[in-house]
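This report concerns only the one structure given below.
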Amino acid sequence: MTDIHARLGLRPIINVSGTMTDLGASIVVPAARAAVAQALDQFFDMGALLRAASSVIARATGAEAGLVTSSSASGLVLSVAAAMAGDDLAAIERLPDATGLRSEVVLLAGHAINFGAPITQMIRLAGATPVIAGQATSSSGWQVEGAITPRTAAGVFVVSHHCTRTEQVGLPLFAEICHAAGVPVIVDAASEYDLRGFLAQGADLVIYSGHKFLGGPTSGIVAGRRDLVRAAWLQNRGIGRATKVGKEGIVGVMAALDAWAARDVAAIRAAEGRALALWAGAAAGKPGIAAAIVPDPTGNPLDRLEIRVDPALARTTAWDLAAALAAGDPSVVVRDMEIEHGAFEMDPCNLHAGDAEIAARRLLEEIDIARTAPVPVHSDLAQVRRDRERPGPW
Ligand SMILES: *Cc1c(COP(=O)(O)O)cnc(C)c1O
C-alpha cells in the first residue's frame with residue numbers, strides 16, 4: 001500500500017486496463033514529474049511559456065506549431081472554435097454564439113464516439129453543429145462531399161479503437177475532399193502513439209492527450225498549421241478560459257515529449273512482453289480459460305493479453321472474473337470494453353515494478369476460486385451493465 005492511498009483511505013489499484021482517464025490516466029514519467037515540481041513555485045510569462053512549448057511540439061510532430069491545452073477534449077473544442085472564429089477577437093468573445101460564422105462540422109457516423117463524453121458534444125461546446133456523414137457501419141467519399149456546404153467550418157476525423165473499424169473513408173481521402181472545398185481537417189488522435197503520420201496524411205490540426213501514452217500530467221496537445229494553432233490559442237480570451245491549462249501542465253507535457261523521443265523502445269517492449277508471458281503462464285492449462293496475445297486495434301506498438309472465458313468450463317464469466325479481480329485488494333482493473341463477447345484484456349503499458357506479478361497471482365487465484373466454488377458464478381450481463389452505467393452516490 002502506498003502512503004498516498006493509505007492517507008486518503010483509498011484502495012491501491014493495479015492498472016492492467018491501459019491509459020484510462022477514470023483511473024488517473026498513466027504513470028507520469030520522472031522527467032515530467034521533476035519539471036512540474038520545479039515549475040510550481042515559479043512565475044512565467046504564460047504566452048512565452050506556451051510559445052516555448054510550441055517549439056517542442058513542432059519538433060516532436062513535424063508540425064509548424066503547437067498548443068498545450070488542458071486535455072484532448074479541450075483541444076477538440078478549441079480547434080473547432082479556431083476553425084470557426086480564426087483570429088477575429090470579436091467572434092472569439094461571442095462564441096459559443098456562432099452567428100455569422102461557418103459553424104458546421106463534418107464527422108463520419110462511425111467516428112461519432114463516446115470517449116467518456118460524446119465527441120459531438122465537444123463540437124457543440126464550441127458553438128458548432130455536427131453534420132454526420134455516412135452511416136455507423138460504412139462511409140464513402142461521396143457522403144463526405146455531400147455533407148460539406150458553404151457553412152462547413154471543419155472536418156473532424158477520429159483515430160481510435162472506439163471507431164467503426166470496417167468500410168470507412170480513410171484520412172487521406174477525407175482530407176483530400178475537405179481540402180478541395182477549402183475546409184480544414186482536425187484529427188482526434190488522443191490515444192495514438194504516432195506523432196507524425198496524421199499530419200503527413202493531411203491533417204491541418206492533430207490532437208493528442210498529454211496524459212495517455214506520453215506519460216505527462218493531465219493535458220492535451222494541438223499540433224498543426226501555425227494560423228490555426230494561433231487561433232486556438234486566442235480562444236483563451238474566450239471559451240478556452242474555462243478549460244485553461246496551468247504552468248504545471250505545460251512544462252510537464254514539454255518534458256514528457258522530450259522523454260518520449262529519448263525512450264528505449266526495445267526495453268519497453270521487452271518489459272511488456274515479459275508481463276504478457278507471465279499472465280499467459282497464469283492462465284495456461286486452466287479449464288475454460290484461453291489466453292492469446294492480441295495487437296492494438298489501431299496499430300499502436302502495444303500488445304495485450306486477451307483472456308477468453310468459457311463459462312461452462314471455467315464456471316465463471318468474463319465479466320464476473322473481471323469484477324472479482326477489481327474487487328480484490330489491491331484492486332486489479334482489467335480492460336473490459338468488449339466484455340460482452342466473453343473476453344477481457346490485460347494491458348502491460350502502465351505497470352509499476354512488481355505489478356505484473358501481483359496481477360498474475362490474482363488472476364490465478366480468482367480462476368481457481370471459480371473452478372472450485374460450490375456453485376458456478378454467472379451474473380446476468382444486462383444487469384451488470386445497468387449497474388455499471390448507474391452513477392454512484394456522492
Ligand atoms: C481519451 C480520448 C479523448 C479524451 O482525451 P482527454 O485528454 O482525456 O480529454 C478524446 N478522444 C479520444 C479518441 C480518446 O481516446
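The values are calculated or read from the model by the stated rules, or taken from the named source; none is laboratory data. Note that the structure is a prediction, hence the values are computed from the model and not measured. Ideal geometry is used to build each Cβ from the backbone, glycine not excepted, and the neighbour counts take in all protein chains shown.
Let me confirm something: among Thr120, Thr164, which residue is within 16 Å of the ligand (Cβ to nearest atom), among the β-branched types (Val, Ile, Thr), outside any loop (DSSP other than H, G, I, E, B) and surrounded by fewer than 23 Cβ atoms within 10 Å (Cβ to Cβ)?
Working: Thr164 fails: outside any loop (DSSP other than H, G, I, E, B).
Every option except Thr120 fails the conditions.
For residues that are within 15 Å of Ala53 (Cα to Cα), small (Gly, Ala, Ser) and surrounded by fewer than 24 Cβ atoms within 10 Å (Cβ to Cβ), tally how many sit in segment 214-260.
The total comes to 2.
Yes or no: segment 76-99 includes at least one residue that is within 12 Å of the ligand (Cβ to nearest atom), closer than 23 Å to Ala175 by Cα and surrounded by fewer than 19 Cβ atoms within 10 Å (Cβ to Cβ).
Scanning segment 76-99, I find no residue that is within 12 Å of the ligand (Cβ to nearest atom), closer than 23 Å to Ala175 by Cα and surrounded by fewer than 19 Cβ atoms within 10 Å (Cβ to Cβ), so the answer is no.
Can you name the condition, by its number, that Val68 falls short on among (1) farther than 18 Å from Ala242 by Cα; (2) not in a helix (DSSP H, G or I)?
(1)
If you take the residues of segment 197-213 that are near the ligand (Cβ under 10 Å from one of its atoms) and assigned to a loop (DSSP other than H, G, I, E, B), which of them is nearest to Leu302 (Cα to Cα)? Steps first, please.
In the first step, residues of segment 197-213 are kept if they are near the ligand (Cβ under 10 Å from one of its atoms); the result is 207-212.
Checking the rest, the ones that are also assigned to a loop (DSSP other than H, G, I, E, B) come to 210-212.
Details: Gly210: 18, His211: 17, Lys212: 13 Å.
It comes out as Lys212.
Looking at this structure, is Val106 in contact with a Pro (Cβ under 9 Å, 6 or more places away or on another chain) and either within 16 Å of the ligand (Cβ to nearest atom) or of a type outside the set (Ser, Thr, Tyr) (or both)? First the steps, then the outcome.
Details: in contact with a Pro (Cβ under 9 Å, 6 or more places away or on another chain): yes; either within 16 Å of the ligand (Cβ to nearest atom) or of a type outside the set (Ser, Thr, Tyr) (or both): yes.
Against the criterion (in contact with a Pro (Cβ under 9 Å, 6 or more places away or on another chain) and either within 16 Å of the ligand (Cβ to nearest atom) or of a type outside the set (Ser, Thr, Tyr) (or both)), Val106 qualifies.
Is segment 129-144 home to any residue that is under 22 Å from the mean Cα position of the chain (by Cα), in contact (Cβ under 8 Å) with a residue 60 or more places away in the chain and within 23 Å of Gly75 (Cα to Cα)?
no
Evaluate segment 44-63: report whether one residue or more is aromatic (Phe, Trp, Tyr), without any contact (Cβ under 8 Å) to a residue 12 or more places away in the chain and over 18 Å from Phe213 (Cα atoms). Walk me through it before giving the result.
Narrowing segment 44-63 to residues aromatic (Phe, Trp, Tyr): 44.
From what is left, the residues that are without any contact (Cβ under 8 Å) to a residue 12 or more places away in the chain are none.
No, every residue in segment 44-63 fails to be aromatic (Phe, Trp, Tyr), without any contact (Cβ under 8 Å) to a residue 12 or more places away in the chain and over 18 Å from Phe213 (Cα atoms).
Among Val169, Val185, which is under 30 Å from Asp258 (Cβ atoms) and more than 14 Å from the ligand (Cβ to nearest atom)?
Working: Val169 fails: under 30 Å from Asp258 (Cβ atoms).
Result: Val185 is the single residue among Val169, Val185 that is under 30 Å from Asp258 (Cβ atoms) and more than 14 Å from the ligand (Cβ to nearest atom).
Of all residues in segment 261-296, which are buried (at least 16 other Cβ atoms within 10 Å of the Cβ) and either β-branched (Val, Ile, Thr) or on the phi > 0 side of the Ramachandran plot (or both)?
Selection gives Gly288, Ile289.
Pick from Val169, Val187, Val159: which is modelled with pLDDT of 95 or more, surrounded by 20 or more Cβ atoms within 10 Å (Cβ to Cβ) and touching a strand residue (DSSP E or B) at 6+ places or on another chain (Cβ under 6 Å)? Even if it seems obvious, please write down each step before you answer.
Working: Val169 fails: touching a strand residue (DSSP E or B) at 6+ places or on another chain (Cβ under 6 Å); Val159 fails: touching a strand residue (DSSP E or B) at 6+ places or on another chain (Cβ under 6 Å).
After ruling out the rest, the residue left standing is Val187.
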